[in-house]
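One structure is given here, and the rest of the page talks about it.
The values are calculated or read from the model by the stated rules, or taken from the named source; none is laboratory data. Just so we're clear, the structure is a prediction, and the values are computed from it rather than from any experiment. Backbone-built Cβ (ideal geometry, glycine too); neighbour counts: all protein chains shown.
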Amino acid sequence: MDNHPTHRLLILACSATKTNIPGWTAAIDRYDGPLWQTLRTIAPDRQHTKVAVLSARYGFIDSRSPIEHYDSRLTKNLAERMIAGGITTRWPRPPSPRKLDNYGNHAGCEIAPLTDHGDRPFTDVALAGGHLYLQVMRGFIGDFRERGYIARDARVTEINGPIGFMRRDLRAWLQPARGEIR
């Protein structure tokens with residue numbers, strides 16, 4: 001990893017708890033669960049870490065992407081469909097199989113700008129969420145490496161468990177980035 005300057009990515013699961021901001025708002029401002037609160041407290045400016053979301057509704061998105069309020073849960077079936085579709089399947093899916101598949105964005109489209117279109121691959125990645133979310137995130141990591149968005153030798157940290165431990169581990173992962181110059 002010494003041959004790359006550190007470039008960090010946090011992929012955080014969406015949250016059942018959401019703000020009541022009307023209309024469309026950035027995902028980072030929409031989600032309000034404990035991990036999102038920890039993120040905003042520890043890294044309010046997010047200068048040293050790019051943040052992406054794995055959403056049960058929107059799939060893999062940049063945390064700055066605008067989203068509407070929604071109530072969807074990641075099920076085993078949906079997780080399997082996301083993994084099978086890989087990073088080129090658009091989310092959300094069309095409301096009907098007869099509709100054109102031009103809804104939403106795909107994960108590759110969302111991560112590319114975060115890496116300067118592969119010119120600056122991530123070298124330190126954290127995956128944070130429940131077991132189903134981590135399964136999908138792991139599935140995407142391989143594809144992201146193949147495309148050059150995540151360095152082959154990148155460190156990948158998984159944050160999972162009881163919420164108190166997850167908040168502690170997320171805080172620990174975020175804190176080293178606060179004082180680093182990139």
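In a strand (DSSP E or B), of a type in the set (Asp, Glu) and within 20 Å of PHE60 (Cα to Cα): which single residue out of ASP124, ASP153, ASP143 fits that description? If you could, list the steps in order and put the result at the bottom.
On the way: ASP153 fails: within 20 Å of PHE60 (Cα to Cα); ASP143 fails: in a strand (DSSP E or B).
Just one listed residue meets the conditions, ASP124.
Name the residues in the stretch 35-94 that are of a type in the set (Lys, Arg), in contact with a strand residue (DSSP E or B) (Cβ under 9 Å, 6 or more places away or on another chain) and either assigned to a strand (DSSP E or B) or modelled with pLDDT of 90 or more (or both), would you?
LYS50, ARG57, ARG64, ARG90
Being within 13 Å of the chain's Cα centre (by Cα) and either assigned to a helix (DSSP H, G or I) or at pLDDT below 95 (or both) is the filter here; which residues of the stretch 127-140 pass it?
Matches in the stretch 127-140: TYR133, LEU134, GLN135, VAL136, MET137, ARG138, GLY139, PHE140.
Taking the stretch 9-36 as the search range and keeping residues that are in contact with a Ser or Thr (Cβ under 9 Å, 6 or more places away or on another chain) and of a type in the set (S, T, N, Q), which one is farthest from ALA154 (Cα to Cα)?
Just the residues of the stretch 9-36 that are in contact with a Ser or Thr (Cβ under 9 Å, 6 or more places away or on another chain), to begin with: 9-10, 12-14, 19, 25-36.
Adding the requirement that they be of a type in the set (S, T, N, Q) leaves 19, 25.
Numbers: THR19: 33, THR25: 31 Å.
So, considering only residues that are in contact with a Ser or Thr (Cβ under 9 Å, 6 or more places away or on another chain) and of a type in the set (S, T, N, Q), the one farthest from ALA154 (Cα to Cα) is THR19.
Could you say whether any residue in the stretch 17-29 is touching a strand residue (DSSP E or B) at 6+ places or on another chain (Cβ under 9 Å), assigned to a strand (DSSP E or B), modelled with pLDDT of 95 or more and buried (at least 23 other Cβ atoms within 10 Å of the Cβ)?
No, the conditions are met nowhere in the stretch 17-29.
Enumerate the pairs (first residue in the stretch 103-118 and without any contact (Cβ under 8 Å) to a residue 12 or more places away in the chain; second residue anywhere and not in a strand (DSSP E or B)) with beta-carbon separation below 8 Å, excluding pairs fewer than 6 apart on the same chain, so at least 6 apart or on different chains.
No pair meets every condition.
Of the conditions (1) under 24 Å from ILE163 (Cα atoms); (2) buried (at least 19 other Cβ atoms within 10 Å of the Cβ), MET82 clears all except one; give me its number.
Evaluating MET82 over (1) under 24 Å from ILE163 (Cα atoms); (2) buried (at least 19 other Cβ atoms within 10 Å of the Cβ) leaves (1) as the failure.
Can you tell me how many residues in the stretch 17-54 are aromatic (Phe, Trp, Tyr) and more than 20 Å from MET137 (Cβ to Cβ)? Walk me through how you get there before you give the answer.
First, the residues of the stretch 17-54 that are aromatic (Phe, Trp, Tyr): 24, 31, 36.
Filter again for more than 20 Å from MET137 (Cβ to Cβ), leaving 24.
Selection size over the stretch 17-54: 1.
In the stretch 3-16, what residues are in contact (Cβ under 8 Å) with a residue 40 or more places away in the chain and either over 20 Å from ILE141 (Cα atoms) or aromatic (Phe, Trp, Tyr) (or both)?
Taking the stretch 3-16 first, the residues in contact (Cβ under 8 Å) with a residue 40 or more places away in the chain are 4-14, 16.
Once the filter is applied, which keeps residues that are in contact (Cβ under 8 Å) with a residue 40 or more places away in the chain and either over 20 Å from ILE141 (Cα atoms) or aromatic (Phe, Trp, Tyr) (or both), the stretch 3-16 yields only ALA16.
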